[in-house]
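Let me begin by presenting the structure, written as structure tokens, before commenting on it.
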Amino acid sequence: MGKVKELAYVGYEVSDLAAWEHFGVDLLGMQFGEKTTSGFTLRTDHKAHRWVVEAGAADDLVVSGYEVASEPELDAIVQGLGSAGFEVTEGDAALAADRKVDRIFVTTDPMGNRVELVSGFADAETPFESTKLLGSFVTGNGGAGHQVLLTGDVSREEYLAFYVDLLGFKISDIIVEEVAPGIVADLIFLHCNPRHHTVAFGKLPFPKVTHHFMLEVSDIRDVGLAYDRCLDARQPFEMTLGMHPNDRMFSFYVRTPSGFNVEYGWGALLIDDETWEVKTLDRLHSWGHRPPQVLAEQLAHTATDEVH
């Protein structure tokens with residue numbers, strides 16, 4: 001049985017290309033890749049691209065590209081998907097060229113998300129260079145990063161059958177927390193390499209297909225610098241600085257121009273499948289990650305107290 005080895009790239013359809021270029025390059029420190037017929041690409045490492053940004057009205061995730069280590073493994077996954085009743089089509093030469101891969105197959109997960117399975121994901125012709133970072137983005141055998149996707153009314157059994165049984169992901173852990181009276185966040189985290197999770201799924205009160213994509217940096221100072229750049233640019237925040245109890249990522253969440261989020265962090269732990277134990281945790285955050293309005297109210301209250 002084949003299995004995916006990493007999240008190679010993601011594709012977003014956005015209504016404001018200029019705002020997205022500013023957000024990705026000037027605020028987050030990514031490198032502009034190249035112009036495409038309908039948008040542009042962004043780089044975070046030696047690969048040809050990690051984000052594909054296209055003009056459109058969705059303002060959401062439109063494709064996730066997962067790389068497979070070899071063509072025989074890719075064929076095995078495609079065969080397994082077909083046997084399980086999923087429609088899989090091989091992409092033509094034009095799509096493969098756009099994605100910078102040797103081979104590409106397209107299918108749809110149980111939530112209706114487009115999934116591209118690829119082999120031979122190309123390196124860029126030039127070294128990665130950021131005008132903002134002191135260090136680098138953490139990719140390597142962990143892939144582009146991680147993303148959290150919303151499941152709607154699709155059952156956990158159904159989407160795990162797709163991602164675990166057919167694509168080869170493994171469960172990292174589960175978090176269940178009542179985030180507000182009567183509102184329970186129930187997320188499951190999956191990995192396909194040492195990165196704690198490449199994708200997570202759950203039901204959250206959020207109006208998009210994706211809640212966030214995570215970018216990890218190698219130098220903790222870059223988290224603070226990016227935080228300041230976003231603050232100075234008045235880019236809306238989703239959560240303040242904080243840490244998760246499962247991957248122990250020190251991070252903040254900033255809103256993209258399309259309304260979903262980017263988690264920008266440092267220091268996530270790595271999984272060793274030989275020793276890792278799956279656990280169910282009862283909180284999403286160890287500390288911090290406060291809604292920005294809570295911090296604003298506290299600062300306003302403090303300022304009022306000082307005046308009096």
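The values are calculated or read from the model by the stated rules, or taken from the named source; none is laboratory data. Every value quoted in this text rests on a predicted model; they were computed, and no experiment measured them. Every residue, glycine among them, receives a Cβ derived from its backbone with ideal geometry; neighbour counts consider all protein chains shown. Protein only, heavy atoms only, side chains kept; ligands, DNA and RNA dropped before computing areas. Shrake-Rupley method; radii C 1.70, N 1.55, O 1.52, S 1.80 Å.
Taking Cα centre as origin and charging only the Cβ of basic (Lys, Arg, +1) and acidic (Asp, Glu, -1) residues, the dipole magnitude of the chain rounds to 340 debye.
For region 33-136, the Kirkwood estimate of hydrodynamic radius, built from reciprocal distances between every pair of different alpha carbons, is 15.1 Å.
Charge tally for residue 165 (other residues, Cβ to Cβ under 13 Å; Lys, Arg +1; Asp, Glu -1): 0. Accessible area of residue 289 (1.4 Å probe, protein heavy atoms only, ligands and nucleic acids ignored): about 10 Å².
Summing charges over neighbours of residue 225, with a neighbour being any other residue whose Cβ is under 15 Å away from its Cβ, gives -3 when K and R count +1 and D and E count -1.
Considering only Cα-Cα distances, which of the following residue pairs are longer than 20 Å: 47/132; 170/279; 5/279; 5/47; 100/170; 47/100? Pairs exceeding 20 Å: 5/279; 100/170. Taking 7 Å steps out from each Cα toward its Cβ at residue 232 and residue 93 produces label points 4.8 nm apart.
A helix-only calculation puts the chain at -5500 deg cm²/dmol for mean residue ellipticity at 222 nm, using -39500 (n - 2.57) for each DSSP H run of at least four residues, averaged over all residues. Between 0 and 90 degrees, rounded to the nearest ten: what's the tilt of helix 292-307 against the longest Cα principal axis of the chain? Relative to the chain, helix 292-307 is tipped by roughly 10 degrees. For the pair residue 240 and residue 71 in one chain, pulling the backbone fully straight at 0.36 nm per residue adds 56.6 nm over the alpha carbon distance. Among 44-57, 157-170, 174-187, sorting by the average number of other beta carbon atoms lying within 10 angstrom of each residue, highest first, gives 44-57, 157-170, 174-187. Protein heavy-atom surface of region 203-301, 1.4 angstrom probe: 54% of the accessible area is carbon and sulfur, with nucleic acids and ligands not counted.
Using the Cβ-Cβ distance between residue 219 and residue 183 with R0 set to 35 Å, the FRET efficiency works out to roughly 0.45. 3J(HN,Hα) along region 187-201: 10, 10, 10, 10, 10, 10, 7, x, 4, 3, 8, 9, 8, 9, 9 Hz, from the Karplus curve 6.51 cos²θ - 1.76 cosθ + 1.60 with θ = phi - 60°, whole Hz, x for Gly and Pro. Give the Rg/Rh ratio for the chain, taking Rg as the radius of gyration of the Cα atoms and Rh as the Kirkwood radius, to two decimals. A ratio of 0.97.
Only one residue of 254, 161, 72 has its Cα farthest out toward the positive end of the dipole of the chain, where Lys and Arg carry +1 and Asp and Glu -1 on Cβ, and that residue is 254. Net length available on complete extension from residue 281 to residue 171 is 38.3 nm, with 0.36 nm assigned per residue and the Cα-Cα distance removed. Eigen-decomposition of the gyration tensor built on the alpha-carbon atoms of region 139-236 gives equivalent ellipsoid semi-axes of 26, 20, 11 angstrom, largest listed first. Work from the charge dipole of the chain (Cβ charges, +1 for Lys and Arg, -1 for Asp and Glu, about the Cα centre) and give the residue of 223, 83, 202 farthest towards its positive end. It is 223, whose Cα lies furthest towards the positive end.
For region 169-308, a simple Cβ point-charge model (Lys and Arg +1, Asp and Glu -1, everything else neutral) yields a dipole of about 400 debye relative to the Cα centre. A simple packing score, the average count of other Cβ atoms within 10 Å per residue, orders the peptides 84-91, 29-36, 148-155, 4-11 as 4-11, 29-36, 148-155, 84-91, with the highest score first. Spread over its residues, the convex hull of the C-alpha atoms of region 177-308 is 139 Å³ per residue.
Within straight cross-link reach of residue 208, meaning Cα distance under 19 Å, which aspartates and glutamates are found once same-chain residues fewer than 8 apart are removed? Excluding near neighbours in sequence, the set is 13, 16, 54, 59, 60, 109, 153, 186, 238, 263.
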